[in-house]
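The values are calculated or read from the model by the stated rules, or taken from the named source; none is laboratory data. Predicted model only: the values in this text are computed from it and were never measured. Note that each Cβ is placed from the backbone with ideal geometry, even for glycine, and that neighbours are counted across all protein chains shown. With ligands, DNA and RNA removed, areas are computed over all heavy atoms of the protein, side chains included. Shrake-Rupley method; radii C 1.70, N 1.55, O 1.52, S 1.80 Å.
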Amino acid sequence: MELLMLGVFGSAELVGKFAITFFAVQAVTVMIETVTTAVLPGVGSLLGKGEMEKVRQVRMEGNLYSWWLGLSLSVAVIVVNQSFVAVWVGEEAFAGRLESFLIVVLALQLVVLKNDSLLINLALEQKRKVQVTALSIGAVFLLSALLVPEYGVVGVCLAGISGRAMLMVFYPRIINRFLQQPARPAVEIRRWVVSATFLVSAVFVAEHVTVQGWLTLFTTGAVTFLVAFALYYLAGMSAAQRQLAKACNGEGDLDLLFDRSQYPAVTAILASNGFKRLESKLDRQFPGIEDYVGFDVKSGRCVHLQAHYCLVTGQALIKNYHLAVERTLLQNLVVHPGTGVKIPDPQAEAIIHLVRTCIKIGGSKIFRPALYRRMMADAAEELAKLESAAGGTGFEMLAQLFPS
């Protein structure tokens, strides 16, 4: 599309520079699209069976990891793209750093849109997709006619980014409506803020990077990709996302809450998956809590799982209070973005954490002031994370948990 607009409203020289600068970006885009396309045939099967919950989970996981991979590769391309063009055909064919940055943004938009675009096709919602796409193409054409004669490659990139921005607004709405999945503006805003920070930082780094030779070029690109990949894990994903992802991968304990009536089914499922029941020491046994250990052959990890059938709490090493809110929690679950695991409503989790903290601290302020200060600091940090995820006041959830 962009090449066509440059050909119509620009010149052959602009077309050539855009094509050469876009080459590495296009290779990255094709790589990510190959991974995405390999996953989606399974989604078609799930849609055919009407298993919408699993489709929602796959979509969230696909979007998270596509964005993670796409952004990391985009940062690497921005850093080495000028050197790549210089080694390949000569630096005079490079469109410019700003142009390279905007071309990468265009490609990242494609990566973000790809999953929802294919899902819309599988869901047979093509009519709305065609209408929105037609409006987007019309906007790109008009903006290109205005901007390309004056600004060249920058103009066509701005036109393309504007047109795809329309798709990024309407494609998710179409598929959210079909899957009956609520929008997650906080998650999207976090992603875009982190992504913008990464991409702008990559532009500044690129100004100080000059690579000569293919081996050095690919080494620099690989190192940049790995650094961006690790940094996005720390900055682009919330602490809760990282913690749950680790738990799902067998790193740390996995605590699961079940309804008491599910006990026979839970024990049967755990046994069929190779989990063995453990007996904790007598002073570490608590009512309504059972310990299991399992072994994952593929990863070679042991998994510790705690099955909770009631919520008990108390001071350190003592569980002498029962919070009879299990059913309310289980009736207000939300799907965790990124892992697809059902977790408690963030507002409910924040309220329960506050109640447990008050019980746990007890009289330590008087008798053990140092321990009290440390526990308060840890509790405040955890509560801040939960409040950030929850949003709102939580009054409605408070009334459901503790109606009296």
Worksheet item: Any chance the range 29-44 includes a residue that's within 21 Å of V153 (Cβ to Cβ), at pLDDT 85 or above and among the β-branched types (V, I, T)?
Response: no
Discussion item. Quick check on my filter: what residues within the range 151-174 are among the charged types (D, E, K, R) and farther than 29 Å from E13 by Cα?
Written reply: R173
Worksheet, complete the sentence: If we take the range 254-306, then strands (runs of 3 or more DSSP E) inside it with 2 or more residues that are in contact with a Leu (Cβ under 8 Å, 6 or more places away or on another chain) and open to solvent by 40 Å² or more (accessible area, probe 1.4 Å) are 254-257
Practice prompt. Please indicate, with yes or no, whether at least one residue in the range 110-119 is buried (at least 16 other Cβ atoms within 10 Å of the Cβ), touching an Asp or Glu at 6+ places or on another chain (Cβ under 8 Å) and of a type outside the set (A, V, I, L, M, F, W, C).
Written response: yes
Discussion item. I need every pair where a residue in the range 45-74 that is within 19 Å of S117 (Cβ to Cβ) and aromatic (F, W, Y) has its Cβ under 7 Å from the Cβ of a residue that is part of a helix (DSSP H, G or I) and open to solvent by 20 Å² or more (accessible area, probe 1.4 Å), sequence separation at least 6 or different chains.
Written reply: W67/V112
Discussion item. Looking for something closer than 24 Å to E150 by Cα and open to solvent by 50 Å² or more (accessible area, probe 1.4 Å) - is there at least one such residue anywhere in the range 43-53?
Written reply: no
Fill in: Extreme residue, modelled with the lowest pLDDT, among residues of the range 244-268 that are closer than 21 Å to R327 by Cα and among the hydrophobic types (A, V, I, L, M, F, W, C)
L254
Worksheet item: Is it true that some residue in the range 57-67 is exposed (fewer than 14 other Cβ atoms within 10 Å of the Cβ), charged (D, E, K, R) and assigned to a helix (DSSP H, G or I)?
Response: no
